[in-house]
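The values are calculated or read from the model by the stated rules, or taken from the named source; none is laboratory data. Here the structure is a predicted model, which is why all the values come from computation and not from measurement. Cβ coordinates were reconstructed from backbone atoms using ideal geometry, including for glycine residues, and neighbour counts include every protein chain displayed.
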């Protein structure tokens, strides 16, 4: 059996050799793919690596690589000699006119059946990642699943290929042109979550009274830490669409919301915005806004002044459970805090973050807290 | 000879590579089999296009040896024996290259790689079509992995039936599933839907459908095909979960096959034979619900009866029979409209294109109105359990930031029908009528509000009240005739929060601000003589007229368009508060059929005179 194969392959070599003296050979002169790798570690481009056995004769060899109906980045094509890298040299690459092809000129110091690896970026084949999380009724943990979605619209069928992500084991998978496959590739149970309510004064309306029949929804997010304590942390979590459900306590689930997460490196937090809470109401008003310490030029025009500003924010929790509201306030420019009744963290020059713990509502009504912030902006130019 | 000839059989025959006995056997088969003859013709045509031999070539012994060694490393499906003379190697080259081309060609045309028979989708004999109940969104079809082609040596062991399910001898499941291409022509079983649950959202056109079906699995690999033509299902939301024996059943992947639209195929590895309940969930659009209210004020306008309703509408094109219906009160965050996802040609879109953008849409233009009822059951009568003599309850419970309303029992909602259900009712809710005047917001109109709180004191407070429209009536006379007061929208009201219903302009109350004095003073000039600061003082008289037969409470908000103002006010019958940096607010009670007024003086400071106030 073996000898027959030898002959066949030998003839292929001869065909390749023949092409040196004549017209360019066709792709069919390359032997069948021995191994194909689809590398999906880069979300912007997919690298295909395939190994083929080239039959090289001593001297100069020309090898043609052409494609049709697929989109290959010509500048990305690489050829690597695997068996005799010291004896086989890639001399040049030529691009035939008006053709999706290139020709390698390879010199060989002897006759070899040389395994080469051809790498190229192939368009229209990629992967997406999606997440599905089911939170428990108490919203303290989620069962997290992540799916890899392979999409092949490249024009090429891959009957069997090793698919490589930037982490985890490679797996063998075939995928045809125009085919989409969804595969479960991460499953983590009982991942702890933190529920976060955020009021950003720069993004949300201040006074609900002025909205008439609309509510101000306070964005609610789940926070998941990509670390070992969360049964995660083995690798960065890719960005993708996440759909979050919750166990309803009756053997069923409800859909809480969906969000897109960015790449989450190990140790970092994933924050998924699920929806808006209308049971926490913030009513913020500016009670004072005056110019003080006015400085004028010789013409009596104001050239510099400070401000004296007061902001109040009433926070009401109508929920029957406690919550921690993250309130973000912004004071532009140079400023001093004259008085503030709640503690805050200065996140950057003009951003203040308050962590406000709100008890559950009681029989007498909602839990209410009030922020009073008296500050001066300094050296404001008109 | 069993079955059809393989392409290798045909190639060997064509190039006379087979033994004489085999050549004869193949020739006899070809005589009787038109399919194989056609396939042979295709092969011949393919080979004739090859023009690869351009000159005679010679091969060195060394190269032959290396090629053999190297080629031996790569897995080859089959080796072919050459028995002819050396010159025949050229022909053999054509044949092998042809084989390579055929592989590519066959890959493109989806006729399978191994056998001619793969142009057809074969089914096991035990799979009989019994479309018992084609009723719910999407058809679900069990198709056992039935293609033995492309199997390696292990796959050749075992019976044909075992091969079909990927079982090798010794009752061991193959590591990899047998190849089973999706085909446009399928013969499938349709498992009956056992029950269905609809969770309908009102903040988005979205319904979570959960249905249970019992599937009969074979040990080994099973393909489960789901088709959703002419529905509004989001295929990216499809999920299949075994409800029993979960440790023995593994849903490996979901494949959206090439060229076939609105088809998804789950690959399931089962360690058991037999019937297993599965739950399928997905999102669909076209169902909606909304809340609305009716309020009836008592004659003294001190109390109100409030009725809350929910209305469920089915515009999905489907009839939902005996579905457990649940409604979600709350605002979920979603990224894509379900209807848009349902219209995508490819479930996850194509690479290089943004999801949801530039997608080609179905030429059928699937709209709710155009959906046929092919896959849906018989339209049932409206009303669900009409024979029940009591009203259905709506069970309400809080989950996360939302409220879940579960309608008691099941509902049947035929396509295009709506259904109204009483959500709650409360009598004698104490209410306060309030008349508001704010020229900056409403011009010269006085706006009438009815205020109450969603709490126990107001005979409410069990759950939040969802947003919706509200119509307020009042009792016009002793006979109980009604007068329509006004309608408005009501926002979501959490438990314990106060609500003010805006009933629009009040006909019988009037507020008129009259400027009775205006002076300017304290001008400041720069050295060029230009004005850089001044004060303005206005005295306003606010006249309030109540022509109603009941006393009214009026709230008047006045804005000064600057934060630098000072107000003088001394009327003890009117309460006053600074509302915010630029507004003041007055409240007073006006007796029935009376007129009253009050005055205030406000000084505003402009330009450099602002400093006066700042000091």
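Identify all residues within the stretch A:177-194 that are in a strand (DSSP E or B) and at the interface with another protein chain (Cβ under 8 Å from one of its Cβ atoms); write none if there are none.
Within the stretch A:177-194, A:179, A:180, A:181, A:182, A:183, A:184 meet the criteria.
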Given the criterion more than 9 Å from every other protein chain (Cβ to nearest Cβ) and over 20 Å from residue B:315 (Cβ atoms), identify the matching residue among B:205, B:244.
B:244
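Results for (1) at positive phi; (2) modelled with pLDDT of 90 or more, shown as yes or no for each residue.
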| residue | (1), (2) |
| --- | --- |
| A:165 | no, no |
| A:185 | no, no |
| A:212 | yes, no |
| A:228 | no, yes |
| A:244 | no, yes |
| A:248 | no, yes |
Does any residue in the stretch A:124-141 that is within 7 Å of another protein chain (Cβ to nearest Cβ) and at positive phi come within less than 7 Å, Cβ to Cβ, of a residue that is surrounded by fewer than 22 Cβ atoms within 10 Å (Cβ to Cβ) and in a strand (DSSP E or B) six or more places away or on a different chain, and which pairs are these?
A:139/A:195
What's the total number of residues in the stretch A:311-327 that are at the interface with another protein chain (Cβ under 8 Å from one of its Cβ atoms) and either surrounded by fewer than 20 Cβ atoms within 10 Å (Cβ to Cβ) or under 27 Å from residue A:380 (Cβ atoms) (or both)?
1
Test residue B:515 against the stated conditions and say whether it is exposed (fewer than 14 other Cβ atoms within 10 Å of the Cβ) and at pLDDT 90 or above.
yes
Matching residues, the stretch B:533-548, being part of a strand (DSSP E or B) and farther than 16 Å from residue B:600 by Cα:
B:533, B:534, B:535, B:545, B:546
Sort out which residues of the stretch B:431-450 are part of a strand (DSSP E or B) and surrounded by fewer than 15 Cβ atoms within 10 Å (Cβ to Cβ), and write them in order of number.
B:432
Please count how many residues of the stretch B:562-593 are in contact (Cβ under 8 Å) with a residue 40 or more places away in the chain and part of a strand (DSSP E or B).
5
Run down A:350, A:299, A:289 and say which single residue is outside the structural domain of residue A:213 (by TED's automatic domain parsing) and farther than 20 Å from residue A:202 by Cβ.
A:299
Filter result (closer than 18 Å to residue A:177 by Cβ and surrounded by 14 or more Cβ atoms within 10 Å (Cβ to Cβ)) within the stretch A:67-82
A:67, A:70, A:71, A:72
Filter pass, residue B:251 being more than 20 Å from the chain's Cα centre (by Cα), crowded, with 18+ Cβ neighbours inside 10 Å and within 14 Å of chain A (Cβ to nearest Cβ)
yes
In the stretch A:208-218, which residues are touching a strand residue (DSSP E or B) at 6+ places or on another chain (Cβ under 7 Å) and within 8 Å of chain B (Cβ to nearest Cβ)?
A:212, A:213, A:217
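Here are A:144, A:150: which of them is more than 11 Å from chain B (Cβ to nearest Cβ) and not in a loop (DSSP other than H, G, I, E, B)?
Criteria check complete, one pass: A:144.
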Select the strands (runs of 3 or more DSSP E) contained entirely in the stretch A:1-103, then report the ones holding at least 2 residues which are touching a helix residue (DSSP H, G or I) at 6+ places or on another chain (Cβ under 8 Å) and either within 9 Å of chain B (Cβ to nearest Cβ) or modelled with pLDDT under 90 (or both).
A:46-56, A:59-66
Is there a residue being closer than 30 Å to residue A:147 by Cα, surrounded by 15 or more Cβ atoms within 10 Å (Cβ to Cβ), in contact with a strand residue (DSSP E or B) (Cβ under 9 Å, 6 or more places away or on another chain) and touching a residue at least 60 places away in the same chain (Cβ under 8 Å) anywhere in the stretch A:88-107?
no
If you scan the stretch A:275-304, which residues turn out to be more than 9 Å from chain B (Cβ to nearest Cβ), out of contact with any helix residue (DSSP H, G or I) (no Cβ under 7 Å at 6 or more places or on another chain) and either under 30 Å from residue B:492 (Cα atoms) or in a strand (DSSP E or B) (or both)?
A:282, A:284, A:295, A:303, A:304
Could you check, for the stretch B:257-266, whether at least one of its residues is away from chain A (no Cβ under 13 Å), closer than 20 Å to residue B:193 by Cα, part of a strand (DSSP E or B) and in contact with a strand residue (DSSP E or B) (Cβ under 6 Å, 6 or more places away or on another chain)?
no
Out of the residues in the stretch A:250-264 meeting the condition of being loosely packed, with under 15 Cβ neighbours inside 10 Å and either touching a residue at least 12 places away in the same chain (Cβ under 8 Å) or not in a loop (DSSP other than H, G, I, E, B) (or both), tell me which one is farthest from the other protein chains (Cβ to nearest Cβ).
A:263
Breaking point among (1) outside any strand (DSSP E or B); (2) surrounded by fewer than 16 Cβ atoms within 10 Å (Cβ to Cβ); (3) under 29 Å from the mean Cα position of the chain (by Cα), for residue A:205
(3)
Quick one: how many residues across the stretch A:219-237 are more than 14 Å from chain B (Cβ to nearest Cβ) and under 30 Å from residue B:497 (Cα atoms)?
1
